[in-house]
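Visitor: My questions will all concern the structure given below.
Readers should treat all values here as calculations from the given coordinates under stated rules, not as data from a laboratory. Small disclaimer: the values here were computed from a predicted structure and weren't measured. Using ideal geometry, Cβ is built from the backbone for each residue, glycine included, and neighbour counts are taken over all protein chains shown.
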Amino acid sequence: QVTAKTAFLFILPQYNVSVPTADGELIQYHYGLKDAVTILFYFFIAIILHAVVQEYILDKINRRLHLSKIKHSKFNESGQMVAFHLTSVIWCLYVVVTEGYISNPRSLWENYPHVYLPFQVKFFYLCQLAYWLHALPELYFQKVRKEEIPRQLRCIALYLVHIAGAYLFNLTRLGLILLLLQYLAELFLHVSRLIYFMDESNEKVFNYWAVVFVVTKLFTLTLYILVIGFGLPRVENQALDPERGNLFSFLFNNILFRMSVLLLVCLFQASVMWRFIHFQLRRWRVYWNEQSSRKRATGTNRQTRPFRRDWGYYENGVVKVENGISPRTRKVKFP
């Protein structure tokens, strides 16, 4: 029994409470320091799963493709991201549908703060934190190039801040929808990269990712405005109450603070869209330059060589030079 209790501490989420409902009692969870033990356990599980995907799937594909060293590293990165994002999108979509967050958007801010979480919501957040923490030592295990490390560290840090912030500040419902949109766009990006590495002529697959990226960013911005601008300011309990987890609603009652947050969100999304547009313009410019170069090369090859007149005279249909010596003979074709 002692071993079982210790194992449950690592495997299952802690801090369960019985919340009274109209139909009886419902078991829900809140967060605490013991969550670090659970995150540590799934941290090692994530490392093992990462190695399994690499050994039994990605390495076998790489042996057949014979990619260069740089493409090999990018292919492994995208392959791991496809496995993770596909699993997370399916899992996150199942959670938000079963909990009714999509069918009832008001639930994103009603009854805030959302201190008590269903089992599947808390477990999802713990696994997400474990995965992105495991990505730090994987930078060493995967022997990532030094010039790629700052980019990946920024990506990992942004995900950890977003997920941990939503979890600790009781904004888990909003965080789930935002993660679903972000992971969906990232899934299309890495799938497009894998297809491109397998066949470099399939550049058009990035166009599908571009459409999904723009749509998800528009939904993200709309969701921020809906929840922060209109939802949280209407929460009934606007007083600061750390014991109940009410940490933000009293701030959103201040219109200056609310507009400042929305302005920062809009500026951040605008910077993301600007980098995306700049990337697309650069990609299209390279594409059209390659097409122009191919057309010019094709036009040059199709040009016929100019006819070089052989000065001399003809004798029995054979060209003879004036001095009577010809290193090679050529028959004249007559119509």
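Visitor: Given the convex hull over the Cα atoms of region 1-128, what projected area results after averaging over all orientations, in nm²? Provide the component values of the computation, followed by the final result.
Guide: Numbers: hull surface 46.1 nm².
Dividing the Cα hull surface by four gives the mean projection, 11.5 nm².
Visitor: Still on this model: Take region 1-294, drop everything but the C-alpha atoms, weight them equally and run the Debye formula without solvent; then report log10 I(q)/I(0) at 0.08, 0.12 Å⁻¹ to two decimals.
Guide: Cα-only, vacuum Debye calculation for region 1-294: -0.43, -0.92.
Visitor: Compute the length gained on full extension between Cys155 and Leu93: take 0.36 nm times their separation in residues and subtract their Cα-Cα distance, giving the result in nm to one decimal.
Guide: On the way: separation 62, 0.36 × 62 = 22.32 nm, distance 2.23 nm.
Between Cys155 and Leu93, full extension yields an extra 20.1 nm.
Visitor: Pull out the extension gain between Ala51 and Glu148, defined as 0.36 nm times the separation in residues minus the alpha carbon to alpha carbon distance; nm, one decimal.
Guide: Details: separation 97, 0.36 × 97 = 34.92 nm, distance 2.03 nm.
32.9 nm is the gain from fully extending Ala51 to Glu148.
Visitor: Long-range amide H contacts for Tyr31: which residues qualify at under 5 Å (H placed 1.01 Å from N, peptide plane, sequence gap of 5 or more or a different chain)?
Guide: So Tyr31 has HN proximity to no qualifying residue.
Visitor: Would you be so kind as to identify which of His134, Ile156, Phe206 lies farthest towards the positive end of the dipole of region 1-294, taking Lys and Arg as +1 and Asp and Glu as -1 on Cβ and the Cα centre as origin?
Guide: Farthest towards the positive pole: Phe206.
Visitor: To continue, here is another question. Of Lys122/Lys204; Lys5/Lys143; Lys60/Lys122; Lys71/Lys204; Lys34/Lys74, which ones are farther than 27 Å apart at the Cα?
Guide: Working: Lys122/Lys204 39 Å; Lys5/Lys143 38 Å; Lys60/Lys122 35 Å; Lys71/Lys204 19 Å; Lys34/Lys74 36 Å.
As for pairs spanning more than 27 Å Cα to Cα, those are Lys122/Lys204; Lys5/Lys143; Lys60/Lys122; Lys34/Lys74.
Visitor: Quick check for me: using +1 on Lys/Arg Cβ and -1 on Asp/Glu Cβ, what's the dipole size of region 1-294 about its Cα centre, in debye to the nearest 20?
Guide: On the way: 27 positive and 19 negative charges, 233 e Å.
Charge dipole of region 1-294: 1120 debye, to the nearest 20.
Visitor: Which value, in debye to the nearest 20, describes the size of the charge dipole of region 1-154 about its Cα centre when Lys and Arg Cβ atoms bear +1, Asp and Glu Cβ atoms bear -1, and nothing else is charged?
Guide: Numbers: 15 positive and 11 negative charges, 183 e Å.
Using Cβ point charges on Lys, Arg, Asp and Glu, region 1-154 gives about 880 debye.
Visitor: Highest first, please rank the peptides 120-129, 31-40, 268-277 by the mean number of other Cβ atoms sitting within 10 Å of their residues.
Guide: Values: 120-129: 21.7, 31-40: 14.7, 268-277: 12.4.
Result, highest mean first: 120-129, 31-40, 268-277.
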